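All of the numbers you see were taken from the coordinates with simple rules; none came from a lab. Only a predicted model underlies this, so the values are computations on that prediction, with no experimental measurement involved. Here the Cβ is made from the backbone with ideal geometry for all residues, glycine too, and neighbour counts use every protein chain on show.
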Amino acid sequence: MAKPNRSAFIVIEGLDRSGKSTQAQILHERLTNAKTPVELIKFPDRTTAIGKMIDSYLRSESELDDRAIHLLFTANRWELASHITTLLASGTTVIADRYAFSGIAFSARKGLPYEWCRGPDVGLPAPDLTLFLNIEPAVARARGGYGEERYEREEVQRGVRELFEKIGREMQTEGSSWVQVDAGKGKDEVAEDIWGAVEPLIGSCDSPIGRLWD
Ligand code: TMP
Ligand code: MG
């Protein structure tokens with residue numbers, strides 16, 4: 001058997017409070033315990049210069065045109081794109097907590113044209129697997145911490161969820177690996193479902209890293 005020439009790129013997506021960050025952390029630990037080199041990346045990455053502008057916008061400390069903030073979110077992914085491909089090529093599994101799908105869903109929800117939203121993300125490193133943590137917006141709202149940032153409102157999340165579902169259908173139609181996980185279940189059960197989807201990918205990626213929608 002040919003030796004895999006790179007590691008897997010796994011994206012975790014979902015609504016606010018769907019448990020993405022918790023599950024990304026659990027998956028990171030599980031892979032680390034299995035002696036698989038792994039790096040967890042979070043989008044938006046609020047530590048960069050662009051990320052600081054995004055952070056200020058999300059906390060409602062600044063206002064930006066809808067298209068301008070959309071492009072900043074995308075630029076925040078592009079500034080890490082070569083880091084991601086370098087990690088994958090060197091055998092480190094990459095987990096991204098949110099990615100381009102959040103970018104499209106949250107901006108298109110505001111009424112920006114869907115194709116316009118997708119354009120700047122075309123060509124980014126393509127995930128080998130996207131796990132969509134699906135949750136009822138009312139259940140998400142009942143979890144702690146809701147309402148602190150822009151977008152953390154049930155009515156916004158409802159619209160975003162519909163767009164995530166549209167993106168998921170399109171990804172599946174084009175043969176990309178988009179797996180829906182019931183995030184309303186308990187933490188351990190969700191972690192098991194995620195592991196079931198991730199485990200077969202570890203050590204088995206032997207095609208070159210793809211480019212999103214290219
Ligand atoms: P976070 O809560 O995961 O840190 O994400 C912050 C918010 O930013 C969340 O409501 C989703 C939103 N978002 C976008 O609007 N566009 C994007 O491209 C990303 C990555 C997140
Ligand atoms: Mg949030």
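Applying a DSSP loop filter and a limit of 12 other Cβ atoms within 10 Å to the chymotrypsin sites (Phe, Trp or Tyr not before Pro) in the range 1-79 leaves nothing. Helix screen, the chain: DSSP H segments with Cα axial length of 18 Å or more and mean Kyte-Doolittle hydropathy at least 0.0 are 66-89.
Extension gain, Asp66 to Val139: 0.36 nm times the residue separation minus the Cα-Cα distance gives 23.5 nm.
The Kirkwood hydrodynamic radius of the range 1-76, based on inverse pair distances between different Cα atoms, is 14.9 Å. Taking every Cα-Cα distance in the range 122-196 and sorting them into 10 Å bins starting at zero, the pair-distance distribution P(r) comes out as 17, 41, 36, 7 percent. Cross-linked pairs Lys110/Lys187; Lys20/Lys52; Lys42/Lys187: Cα-Cα separations exceed 25 Å for Lys110/Lys187. The mean sequence separation of alpha-carbon pairs under 8 Å and at least six residues apart, normalised by the residue count of the range 77-126, gives a relative contact order of 43 percent.
Restricting the range 91-194 to trypsin sites (Lys or Arg not before Pro) that sit in a DSSP loop and have at most 13 other Cβ atoms within 10 Å of their own Cβ leaves Arg143, Arg150. Remark: spin-label model distance Tyr114-Val179 equals 2.5 nm, labels positioned 7 Å along the Cα→Cβ axis.
Ranking of Thr93, Thr36 by neighbouring Cβ atoms within 10 Å, starting from the fewest: Thr36, Thr93. Cα extents for the range 29-127 along the principal axes, largest to smallest and rounded to whole angstrom: 44, 29, 21. Exposed loop positions in the chain were taken to be GluC sites (Glu not before Pro) whose DSSP state is not H, G, I, E or B and which have at most 13 other beta-carbon atoms within 10 angstrom. Between these positions, the longest stretch is 64-147.
Relative to the globular-protein estimate of 2.2 N^0.38 Å, the Cα radius of gyration of the chain stands at 0.98. Would you list which aspartates and glutamates come within 13 Å of Lys185, measuring only between C-alpha atoms, while excluding same-chain residues fewer than 8 positions from it? Candidates past the 8-residue exclusion: Glu136, Asp193. Stretched out straight at 0.36 nm per residue, the stretch from Ser207 to Glu170 would grow longer than its current Cα-Cα span by 11.1 nm. Distance from the alpha carbon centroid of the range 1-67 to that of the range 175-192 works out to 16 angstrom. Within a straight-line Cα-Cα reach of under 21 Å, Lys35 can be paired with the following lysines, leaving aside sequence neighbours fewer than 8 residues apart in one chain: Lys3.
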